[in-house]
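Q: First, the structure itself, so that you have it in front of you.
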């Protein structure tokens, strides 16, 4: 127990001066049970420790993948810490702990005056497990860095968050003002290559190696145990990811994929859904309501542009990079679906075609509330600079 307390104190001291992710200000910290979900390396642990450093009540940070919990139950540990005066419990990596849902439910029900903030993999489904936490927990999802956040972390440029309507209606005014604060020709391409996860601050040279190692970890230690995948299924999942990485954006022919992978069609659909939930892929569907994993997506993307440069470091298709950036940034804060015409529909209201400077509005003729998202510095009328969609969160 003393070891857990010492680790918590040491970890809290290490993050006091770091910048806060966008989600910190959006969380209702008065809630009794808060669950933060997100991809490895997105900053969940730092967010927990920043909160620990800001509170007045006695709190402790604990990682549930600590060897201590191989032989100790969380509920018993909290009971002991409660007697020592602790009232705020920040629990990291809950998906690595077999009793996560049952113990969180018991803590919620047994103690009136404690707060629990837990983090878990993006694949964590709080309605599953041995106890349904969906009626008790406030759930938040932490995405990777937006382009706006990247500029803040990399260059200490604190730009405002923009609403989508502002980007569409005022981009010709706001764009030039924002361009005065950074170098478009270097900063935007750098973000697309290595700016999505905060650990680029540690080393840009090793960034893509870290990306690859993290994807392996997510598959082997997050997805496989949590989804109870057999070793052969895990290998199929990795093979599926490799096949898709060579051809994204990918309009899926599920039967052909199944034949290539020598696995049943429904298994392919399930694995695609798992990779989407794990934030390795982005599945673009025709609707976001009432969707079953058995319905094939309209298009498959890697989850963020950095992944494209990981799998194709010298041959990344710039068209794919642009579309992936748009889908990644918009889907973090809006509903994005596949329209009948154009590349993307946002909030069932706006249609977008994504491309380079030479793309015209010909494909959008007759489509109301339609726009071009172009890889250009400044826009006009319905031609909106692509990079501005990185200012939405």
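The values are calculated or read from the model by the stated rules, or taken from the named source; none is laboratory data. All figures in this text were calculated on a predicted structure; none of them were measured in a lab. Backbone-built Cβ (ideal geometry, glycine too); neighbour counts: all protein chains shown.
Q: From the list 217, 164, 192, which one is in contact (Cβ under 8 Å) with a residue 12 or more places away in the chain and farther than 26 Å from residue 238 by Cβ?
A: Within the list 217, 164, 192, the selection yields 164.
Q: Considering each of 301, 293 in turn, give the residue that is at pLDDT 95 or above and not in a helix (DSSP H, G or I).
A: The match here is 301.
Q: For residue 362, state whether it is surrounded by fewer than 18 Cβ atoms within 10 Å (Cβ to Cβ), in a helix (DSSP H, G or I) and in the same structural domain as residue 296 (by TED's automatic domain parsing).
A: Taking the combined requirement at face value, the residue satisfies it.
Q: Among residues belonging to region 111-132 that are in contact with a helix residue (DSSP H, G or I) (Cβ under 6 Å, 6 or more places away or on another chain) and assigned to a loop (DSSP other than H, G, I, E, B), point out the one that is modelled with the highest pLDDT.
A: Pass one, region 111-132, residues in contact with a helix residue (DSSP H, G or I) (Cβ under 6 Å, 6 or more places away or on another chain): 116, 118-121, 123-124, 129-131.
Checking the rest, the ones that are also assigned to a loop (DSSP other than H, G, I, E, B) come to 123-124, 129-131.
On the way: 123: 86, 124: 82, 129: 60, 130: 57, 131: 71.
By that ranking, first place goes to 123.
Q: For residue 247, work out the one condition from (1) under 21 Å from residue 319 (Cβ atoms); (2) in a helix (DSSP H, G or I); (3) out of contact with any helix residue (DSSP H, G or I) (no Cβ under 8 Å at 6 or more places or on another chain) it doesn't fulfil.
A: Among (1) under 21 Å from residue 319 (Cβ atoms); (2) in a helix (DSSP H, G or I); (3) out of contact with any helix residue (DSSP H, G or I) (no Cβ under 8 Å at 6 or more places or on another chain), the lone unmet condition for residue 247 is (2).
Q: Can residue 139 be described as touching a strand residue (DSSP E or B) at 6+ places or on another chain (Cβ under 9 Å) and either surrounded by fewer than 14 Cβ atoms within 10 Å (Cβ to Cβ) or not in a strand (DSSP E or B) (or both)?
A: So residue 139 does not fit the description; no.
Q: Can you find a residue that is at pLDDT 95 or above and within 17 Å of the chain's Cα centre (by Cα) anywhere in region 235-252?
A: For region 235-252, residues at pLDDT 95 or above and within 17 Å of the chain's Cα centre (by Cα): absent.
Q: If I ask for residues that are in a helix (DSSP H, G or I) and surrounded by 18 or more Cβ atoms within 10 Å (Cβ to Cβ), which ones from region 75-98 would you list?
A: Of everything in region 75-98, those that are in a helix (DSSP H, G or I) and surrounded by 18 or more Cβ atoms within 10 Å (Cβ to Cβ) turn out to be 77, 78, 81, 94, 95, 96.
Q: Here is a follow-up. Looking for something in contact with a helix residue (DSSP H, G or I) (Cβ under 6 Å, 6 or more places away or on another chain), under 30 Å from residue 390 (Cα atoms) and surrounded by 22 or more Cβ atoms within 10 Å (Cβ to Cβ) - is there at least one such residue anywhere in region 99-110?
A: Checked against the condition, which is being in contact with a helix residue (DSSP H, G or I) (Cβ under 6 Å, 6 or more places away or on another chain), under 30 Å from residue 390 (Cα atoms) and surrounded by 22 or more Cβ atoms within 10 Å (Cβ to Cβ), region 99-110 yields no hits at all.
Q: Still on this structure, please answer the following. From the list 69, 89, which residue is closer than 29 Å to residue 332 by Cβ and without any contact (Cβ under 8 Å) to a residue 40 or more places away in the chain?
A: Answer to the selection: 89.
Q: Could you identify the single residue in 309, 393 that is under 19 Å from the mean Cα position of the chain (by Cα), surrounded by fewer than 23 Cβ atoms within 10 Å (Cβ to Cβ) and more than 25 Å from residue 252 (Cα to Cα)?
A: None of the others qualify; the one that does is 393.
Q: Would you mind stating whether residue 278 is without any contact (Cβ under 8 Å) to a residue 12 or more places away in the chain and surrounded by 13 or more Cβ atoms within 10 Å (Cβ to Cβ)?
A: Criteria not met by residue 278.
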